[in-house]
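Everything on this sheet refers to the single structure shown next.
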Amino acid sequence: MSARVDILVCGLGPAGAAAAEAAARAGHRVLAVERNATPGLPVQCAEFVPQMIGADVPDVRASRVQDIAEMETYVGADPADLTPDFRGYMIDRAAFDQALIAKAQAAGADCRFGAPVQEITRDGVVTAGGQEIRATLIIGADGPRSPVGRAAGRPNVELVETRQITVDLLQPHAATDIFLRPEIVGGYAWLFPKGRVANLGLGVVPERKADLKSLLVALHAQLVTEGRLGREVHHTTGGLIPVGGIVGLATRIGPVPVLLAGDAAGLTNPITGAGINAAVISGRLAGEAAAALLAGDAGALEDYAEEVSDTFGPSVALAVRRRRALIENYRGMAMPAPDALRDSWIAYPQYWTRDRTGATAHKETRKAEETA
């Protein structure tokens, strides 16, 4: 079987769904393929989004489970450092994704599930779900290990491995809790309340993947002892987070123009792991740029790359620098001191202060980081 479409969107997470909707609303033939069989599932996300995204994406409010008011950061065994007015929402991520997909379908996009990308040829022909697809333009919104990005020579090469459990929350809580510990190499642990349950998870560099389970079991046991969480684990999930920075936005596979969005483009923040806001915004912009190119705007792809870079580039670049500085602490079997852990986290002023290179983080960079 074969198909010919104007725009092929690979991936139907927030980036792909937003791209498919934007492109379809412009009147183009849009086919979107997703490897998972069920829209929105499995959930591989901590499910926190910043408050600002709610103004731009009404589906956030519709899928909101509870409000978040502040952040509590635990460095080692020290008491929590409070960051007030760190507002956002805990959402039902599956419902959120499903709402975005429904909007893409309502706009006219053909969305197919259980259709993994199996091959991408040098001339841009994609085989997905057993069907050969020829597209005038391809949008890669297919996650950290994006087949589209790999075929275009723009893979994510720096990743973090994560593991997360959902457990009962025994005390009402309205803060995101962050645990910075030297043994959590290249990442951090989190407790995000979600009504009567909480998402408890952590991420580490791939070389320490074997430590994930034991580290999470120990943190869970600690919080059970403190009376904050129940013992029963209701759900376990995990996944990958790109942490190397932006890998590419506008490129080609042979003669076919390609746009990358969301995790596939490396837009996830390398320090916090936040990526939903960047996914939705970059996906929508990618869909609009694809439609504009097909309508005759020869500079649409370059404009897309410039706008996304301007919006997210400074905060992502700063996070890359902070992350690499933290990783340097592990050279020679050393462990980072508490001050080094604080230097690497957005709650502390030193994260935003002058780099060793002499560059200063601008206010716009901080604002972008806090809403990414």
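The values are calculated or read from the model by the stated rules, or taken from the named source; none is laboratory data. Please read all numbers here as calculations on a predicted model, not as lab measurements. Neighbour counts are summed over all protein chains in view; Cβ atoms, including those assigned to glycine, are modelled from backbone coordinates with ideal geometry.
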So which helices (runs of 4 or more DSSP H) are wholly in the stretch 286-359 and hold at least 3 residues that are among the hydrophobic types (A, V, I, L, M, F, W, C) and touching an Asp or Glu at 6+ places or on another chain (Cβ under 9 Å)?
-> 300-328
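Are any residues in the stretch 234-292 of a type in the set (D, E, K, R) and buried (at least 24 other Cβ atoms within 10 Å of the Cβ), and if so, which ones?
Kept after step one, since they are of a type in the set (D, E, K, R), are these residues of the stretch 234-292: 252, 263, 284, 288.
Of everything in the stretch 234-292, just one residue is of a type in the set (D, E, K, R) and buried (at least 24 other Cβ atoms within 10 Å of the Cβ), namely D263.
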Determine, yes or no, whether A300 is over 28 Å from V60 (Cα atoms), small (G, A, S) and buried (at least 19 other Cβ atoms within 10 Å of the Cβ).
-> yes
Under 6 Å between Cβ atoms, at least 6 apart or on separate chains: pull out the pairs that start in the stretch 227-247 with a residue that is more than 24 Å from T272 (Cβ to Cβ) and end on any residue that is crowded, with 18+ Cβ neighbours inside 10 Å.
-> G230/V167; V233/I165; V233/V167; H234/T166
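Does the stretch 180-192 hold any residues that are more than 19 Å from the chain's Cα centre (by Cα) and buried (at least 22 other Cβ atoms within 10 Å of the Cβ), and which are they?
If the condition is that a residue be more than 19 Å from the chain's Cα centre (by Cα) and buried (at least 22 other Cβ atoms within 10 Å of the Cβ), then L180 is the only one that fits.
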Tell me the strands (runs of 3 or more DSSP E) entirely within the stretch 16-132 that contain at least 1 residues that are of a type in the set (D, E, K, R) and either buried (at least 18 other Cβ atoms within 10 Å of the Cβ) or more than 17 Å from the chain's Cα centre (by Cα) (or both).
-> 30-34, 64-68, 70-75, 81-83, 110-113, 117-120
Which numbered condition trips up R112, out of (1) charged (D, E, K, R); (2) touching a Leu at 6+ places or on another chain (Cβ under 8 Å); (3) without any contact (Cβ under 8 Å) to a residue 24 or more places away in the chain?
-> (3)
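Against the definition (hydroxyl-bearing (S, T, Y), at pLDDT below 95 and not in a loop (DSSP other than H, G, I, E, B)), how does T365 come out, yes or no?
Judged against the criteria, T365 is a match.
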